[in-house]
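K.L.:
Have a look at this one before I ask anything.
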Amino acid sequence: MSFTLIGKHEKDSRAMRDAYCDALREMMAKDPSVVHVDCDLEGCINTNKLAKEFPNNVFNAGIAEANAMGVAAGLTATGKKAFMHSFGPFASRRSFDQAFMSAAYAGLPVHIIGSDPGVCAAFNGGTHMPFEDMALYLSVPGSVVIDPTDYAQMYCVIKKLAASEKFSYTRLIRKGFTTVYADGSDFEIGKGVTLADGKDVAIIASGIMVDEALKAEEALKAEGISAKVVDMFTWKPLDEELVKACAADCGCIVTAENHQAGCGLGSVVANCVAKNCPVPMEMVGVQDRFGQVGPEDFLRKEYNLTADDIVAAAKKAVSRK
């Protein structure tokens, strides 16, 4: 694993869906077994361009997510490396039984992509706002569950998933995102990334919350609190050794996620901590609520998914040591 941290809190001119399509395009050009199954969302995810370039590798199953999951499983059973995409709630809640039975239970490494996670669904509203998608896939035996941060990480992860033999679920921010890593950075699935060293509190974050964690680290530093920041982009398999090191080095932990905190990153980290290295923990995330319509910046504040919320949680965790 080798990466270059940018961390300037600047929006990228590209969309994260570009990373997904760019990785697929490169792989399809070399490997005809790589295929993509969509649910009439090719314009949303930009795979319509791939369909023109590789008409034998891109399939539109229509607005029928359960069927699309079966198609992806069937293609995988014939030796294809299948990626299946829909909006997060439809790639999880709506088609979960088919994903579980037709793919995971059958031992087929289908790679499911759920776009617009959590508050990133914005004006699509509560019906399209998955705060529980990762929890469903965390429950699948042997699954790989990933929440990428930016273009560089998404591009790397997609290529590594194609080479794996594991059933997986990956979140995808379709459009705007904040750049954290330089292009060409390399990551290892199942290994967290330490972005800042600290001794007073460890902040373990993923996805859109990684940049918020970096902002929080800067604010805490100005107040004399030293924070370690970890990008735990793989929720399963969790990098338990790094979690234990965070507990040992800092004595308390804060998790930050764009998801229900009680059944997501916070819960998997807490499970590891409780079993191995009990320390005070605070969880920044959605607290047992449904989604709603609104601009993303409003929703981040509404659901307490900001750097200020991480700072407050870090201070509380430190006070409990």
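K.L.:
Need at least 2 residues that are in contact (Cβ under 8 Å) with a residue 24 or more places away in the chain, within 19 Å of Pro148 (Cβ to Cβ) and of a type outside the set (Ser, Thr, Tyr) per element, so show me which helices (runs of 4 or more DSSP H) inside the stretch 1-113 make the cut, counting only ones lying wholly within it.
P.N.:
By residue number, 16-30, 42-45, 88-92.
K.L.:
Any residue at all in the stretch 234-244 that is open to solvent by 30 Å² or more (accessible area, probe 1.4 Å), of a type in the set (Lys, Arg) and farther than 19 Å from Val145 by Cα?
P.N.:
Looking for residues that are open to solvent by 30 Å² or more (accessible area, probe 1.4 Å), of a type in the set (Lys, Arg) and farther than 19 Å from Val145 by Cα, one finds at least one in the stretch 234-244, hence yes.
K.L.:
Restricting to the stretch 124-136, name every residue that is surrounded by fewer than 24 Cβ atoms within 10 Å (Cβ to Cβ) and either touching a helix residue (DSSP H, G or I) at 6+ places or on another chain (Cβ under 9 Å) or basic (Lys, Arg) (or both).
P.N.:
Passing the criteria: Thr127, His128, Glu132, Ala135, Leu136.
K.L.:
Related question: Here is a list: Val273, Val268. Which entry is touching a residue at least 12 places away in the same chain (Cβ under 8 Å) and open to solvent by 10 Å² or more (accessible area, probe 1.4 Å)?
P.N.:
Matching residue, one of Val273, Val268: Val268.
K.L.:
Being in contact (Cβ under 8 Å) with a residue 24 or more places away in the chain, open to solvent by 30 Å² or more (accessible area, probe 1.4 Å), over 19 Å from Met134 (Cβ atoms) and in contact with a Cys (Cβ under 9 Å, 6 or more places away or on another chain) narrows it down to one residue among Lys215, Lys199; which is it?
P.N.:
Lys199
K.L.:
Does Ala122 count as aliphatic (A, V, I, L, M) and over 12 Å from Leu299 (Cβ atoms)?
P.N.:
Spelling it out, it is not the case that Ala122 is aliphatic (A, V, I, L, M) and over 12 Å from Leu299 (Cβ atoms).
K.L.:
Which condition does Gly294 not pass, out of (1) open to solvent by 10 Å² or more (accessible area, probe 1.4 Å); (2) at positive phi, if it passes all the others?
P.N.:
(1)
K.L.:
Another question, if that's okay. If you go through the stretch 228-241, how many residues are farther than 20 Å from Ala152 by Cβ, out of contact with any Cys (no Cβ under 8 Å at 6 or more places or on another chain) and touching a residue at least 12 places away in the same chain (Cβ under 8 Å)?
P.N.:
Number of matching residues: 2.
K.L.:
For the stretch 182-196, how many residues meet the condition of being in a strand (DSSP E or B) and either without any contact (Cβ under 8 Å) to a residue 24 or more places away in the chain or charged (D, E, K, R) (or both)?
P.N.:
1
The values are calculated or read from the model by the stated rules, or taken from the named source; none is laboratory data. All values reported here derive from a predicted model rather than from experimental measurement. Positions of Cβ are backbone-derived with ideal geometry, glycine not excepted, and every protein chain shown enters the neighbour counts. Side chains included, ligands, DNA and RNA excluded: accessible areas come from the protein's heavy atoms. Shrake-Rupley method; radii C 1.70, N 1.55, O 1.52, S 1.80 Å.
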